[in-house]
C-alpha cells in the first residue's frame, strides 16, 4: 500500500492549486492563507461517520461532496465567503478506486464553490471524515443566530424535507404504492438532495446586512429555528442584564440586582401550509400526513432566516437575482416556543415539541 | 443520554470563554475570530484514532491534551501564534465521567497555551478525534519546510526518542532487565513525553526570522528532516525552472526549454552522537543499540530546524531565554539524501534508508 505521503501527493495535493503565490497549501506543517483586509475569519466544522451520517453503500464521490457541502452550508449561514477547507480523513484501507472517486467529488465541489483543499490528515481506522472550513466576512458583518427580532419574517430557502425523504428512499422504508407515484425526476431530486446537497453559499453573501439571523437546517427545521430563538433570547438576556446593572449602578451606586430577564422571550409562529415543498414531498405528505419528516427530518442544508419586514422586498430581489426561492413560513413573536399552525389554527398534536435530530 | 446540545453546553462551551466581545465562539453555525492586522492565517489539522494513535486504555485527559498538543506543535513548526482550535469528536457513547476528564484535559492545555476551543462537532461512532487549529503569522513570515539552504545547521529542540520509548513502556515490550534500570523520574518522563507532549509554541514565535526552515517531528527525525529536504529541493527546482525560462525567453524569444534542475540537490549529514537524548533513552541505546527508535520512532513533537550559521548564536540566545535546549545535530550539504555518521564515519548499516512512521 502506498505511504500516506504518496496518497496525499497523488490524490489531494492537486486540489490545493488555486492558492496565490503568497500562500501555502498542502506539503508543509500547515497551510498559510492571506486574509482580506478588514475581514474576520469564520470557522466551521462538521464530522460525517459511516453508518451514521451516510450509508456504507454511499459512493466515495457523494461522501466527498457532502462532507464539504455541509461545511459550506454552515459558512453560508454565517454569510461568509469560503476560503479553504481541511480534511481529517480516517480510512479503513488504502483503496485506490475509492480514493480516485473521493478526490473527484472533492474536486467537483471545490471547483463549483471556488474553495481549495488547504490541508488535512489521513489516518487508518474506521471511515470517519471531519472537515473544517474557513471563510471571511467583513468585520462585524457575520450573520448570527442571535439577531432575531420580534416582528421578523421567518423564511427558508428552496424546499424542505427532500434530504430526509431521500434517506427513506435509500433505506427502502417507503411503501411500494407511494414509490410508484414518484416520477424518475422526483426520484433523482430526492437522491441529489440526500447525497449532493447544494449549499446556499452564493446567495448567503448577498443576504449579509439584509437578514437579522440565520442558521442552516441540518438538524431539522424546528430544531434549527429553535437554535435561532435560543441564541436570540440569550442575547436579549445578556443585554437586559447589562442595561439593568448599569442603570442600577448609576441610580443608587449599589451592587447590581439579581440577574433577570425584563423582556418577554422570543418565539415563533410557523404556518405549516406555507412551508415550501417539492412535488415529491407533497406526494409523501398526501400519502402519510407525516409532518415530522419536514419539521424534524434534518439534512436539508437550506437556510432558515429571520428578516425585518422592512427588508423583505430587498430579500426577494436578491432571491430572484440568484434564482433561489425564499419563502415566508412564519413570524417571530413575543411568546416563547415554536407554535405550528395550519391556516392560522394551532396544531394540537404535539408538533410544537418535536425536536430535531439527536446525535446521542 | 443527553442530547448533543446539552453535551456541548455542559462540557465544551466553557472552554470557549476567552474570546473578545467582537468574536463568536461555540453556539452558532461557526466561530468568528478577529484577525490581527497584517497577518496571515495558518491552519493545521491532525487526526487521532483510538488503537492507532493512542491505546484503548489511554485516559480521556491525555487524549484531549495530545489531540490539541500535536496541532499546536504543527503551528509552532510554522512559527504561528495559536488563535483557536475546533474539535471533531466521534464518541462511541455519552460517558459523563470520560467527558469530564476529557474537558479537563482540553482546559489544561487551552489555559497553558492560551488557545480557546472555538467550535466543533460531536458525533456518535468509533473514537476518532480531528482537531483543526488556526494561528496567525505576520505577512510572509511563516517558517516553511522549503527554506533550507546549503551550509545550514540542522538542529532539534529538547531530546528525541522519548515518546517512542514511552510507547514501548506502555506496550510492555521492554525487557525486565532494562526496565529495572529506569528510575521513577525517568519512567514519568517517558510517559509524559508519550501522553502529554509539550508543543514548542512559545519559543517558535521567537525563532521566526532566525531559522530558515522547520518541521515538527511527528513521523520520526529522519522522515521529518526528509520533508524539509524534499520541500526545499522542490522550491529550488521551481526557482531554477523559472529563472531558466525567463532567461531563455529574454535571450532568444523562443518557448522555454524542457524543465531541468540546474542546481545539485540538497541533502543532510547527521552526526548521531550529537542527537540529544534523555538519560532514559541513553540507557535504552546502551542496552539495545536500537537507533531506529530515535531516528524513526516519531511522536517527538520537537522541532527539527535548519539555521544559517550566521544566526546560530542568536538562536542559542533565544533557546536560553525560553529554557529550551536547541542542539546542532548536522548540516545541510550539496549531496542528496540523509547520511547518518558516527563521529564523522558514515554508518553502513542501512540507517540512511530508515523511513518514518508510515500511516498506511
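The values are calculated or read from the model by the stated rules, or taken from the named source; none is laboratory data. Predicted model, so just to flag it, every value in this text is computed and none were measured. For neighbour counting, all protein chains shown are included, and Cβ atoms are generated from backbone atoms with ideal geometry for every residue, glycine included.
For the range B:188-200, what are the residues that are in contact (Cβ under 8 Å) with a residue 24 or more places away in the chain and surrounded by fewer than 22 Cβ atoms within 10 Å (Cβ to Cβ)? Walk me through it before giving the result.
First pass over the range B:188-200, keeping only residues in contact (Cβ under 8 Å) with a residue 24 or more places away in the chain: B:189-200.
Within the range B:188-200, B:189, B:191, B:192, B:196, B:198 qualify.
When you go through (1) within 8 Å of chain A (Cβ to nearest Cβ); (2) without any contact (Cβ under 8 Å) to a residue 40 or more places away in the chain; (3) surrounded by fewer than 23 Cβ atoms within 10 Å (Cβ to Cβ); (4) within 23 Å of residue A:43 (Cβ to Cβ) one by one for residue B:112, which number turns out not to apply?
(1)
If you go through the range A:121-130 one residue at a time, how many are within 13 Å of residue B:130 (Cβ to Cβ), at the interface with chain B (Cβ under 8 Å from one of its Cβ atoms) and assigned to a strand (DSSP E or B)?
Here the count works out to 5.
Of (1) closer than 25 Å to residue B:47 by Cβ; (2) surrounded by fewer than 16 Cβ atoms within 10 Å (Cβ to Cβ), residue B:176 satisfies all except one. Which?
For residue B:176, the exception is condition (1).
Restricting attention to the range B:51-70, and to residues there that are outside any helix (DSSP H, G or I) and within 14 Å of chain A (Cβ to nearest Cβ), which single residue is surrounded by the fewest Cβ atoms within 10 Å (Cβ to Cβ)? Give the derivation first.
Step one: list which residues in the range B:51-70 are outside any helix (DSSP H, G or I), which gives B:51-59.
Then keep just the ones that are within 14 Å of chain A (Cβ to nearest Cβ); that gives B:51-56.
Details: B:51: 13, B:52: 14, B:53: 21, B:54: 21, B:55: 15, B:56: 7.
Top of the filtered list is B:56.
Just the residues that are over 22 Å from residue B:71 (Cβ atoms) and surrounded by fewer than 24 Cβ atoms within 10 Å (Cβ to Cβ), please, taken from the range A:76-102.
Answer for the range A:76-102, where residues must be over 22 Å from residue B:71 (Cβ atoms) and surrounded by fewer than 24 Cβ atoms within 10 Å (Cβ to Cβ): A:81, A:92, A:93, A:94, A:95, A:96, A:97, A:98, A:99, A:100, A:101.
Determine whether residue B:73 is surrounded by 24 or more Cβ atoms within 10 Å (Cβ to Cβ), facing chain A (nearest Cβ under 10 Å), closer than 30 Å to residue B:171 by Cβ and touching a strand residue (DSSP E or B) at 6+ places or on another chain (Cβ under 6 Å).
Yes: the conditions hold for residue B:73.
Report those helices (runs of 4 or more DSSP H) wholly inside the range B:278-323 carrying at least 2 residues which are more than 20 Å from residue B:143 (Cβ to Cβ).
Values: elements: B:279-288, B:292-296, B:312-322.
Passing ranges, in order: B:279-288, B:292-296.
If you take the residues in the range A:138-170 that are at the interface with chain B (Cβ under 7 Å from one of its Cβ atoms) and not in a helix (DSSP H, G or I), which one is farthest from the chain's Cα centre (by Cα)? Quick ask: steps written out before the conclusion?
Within the range A:138-170, the subset at the interface with chain B (Cβ under 7 Å from one of its Cβ atoms) is A:140, A:142, A:144-145.
Next, only the ones that are not in a helix (DSSP H, G or I) stay: A:140, A:142, A:144.
Values: A:140: 20, A:142: 15, A:144: 13 Å.
Ranking the qualifying residues of the range A:138-170, first place goes to A:140.
Would you confirm, using the coordinates I've provided, whether residue B:99 is farther than 21 Å from residue A:42 by Cα, part of a helix (DSSP H, G or I) and within 14 Å of another protein chain (Cβ to nearest Cβ)? If you could, list the steps in order and put the result at the bottom.
Values: farther than 21 Å from residue A:42 by Cα: yes; part of a helix (DSSP H, G or I): yes; within 14 Å of another protein chain (Cβ to nearest Cβ): yes.
For residue B:99, the condition - farther than 21 Å from residue A:42 by Cα, part of a helix (DSSP H, G or I) and within 14 Å of another protein chain (Cβ to nearest Cβ) - is met.
Look through A:43, A:32 and report the one residue that is within 7 Å of another protein chain (Cβ to nearest Cβ) and either without any contact (Cβ under 8 Å) to a residue 24 or more places away in the chain or part of a loop (DSSP other than H, G, I, E, B) (or both).
Sole residue among the options that is within 7 Å of another protein chain (Cβ to nearest Cβ) and either without any contact (Cβ under 8 Å) to a residue 24 or more places away in the chain or part of a loop (DSSP other than H, G, I, E, B) (or both): A:32.
Residue A:160 - would you say it is surrounded by fewer than 22 Cβ atoms within 10 Å (Cβ to Cβ), over 29 Å from residue A:99 (Cα atoms), at pLDDT 95 or above and touching a helix residue (DSSP H, G or I) at 6+ places or on another chain (Cβ under 7 Å)?
no
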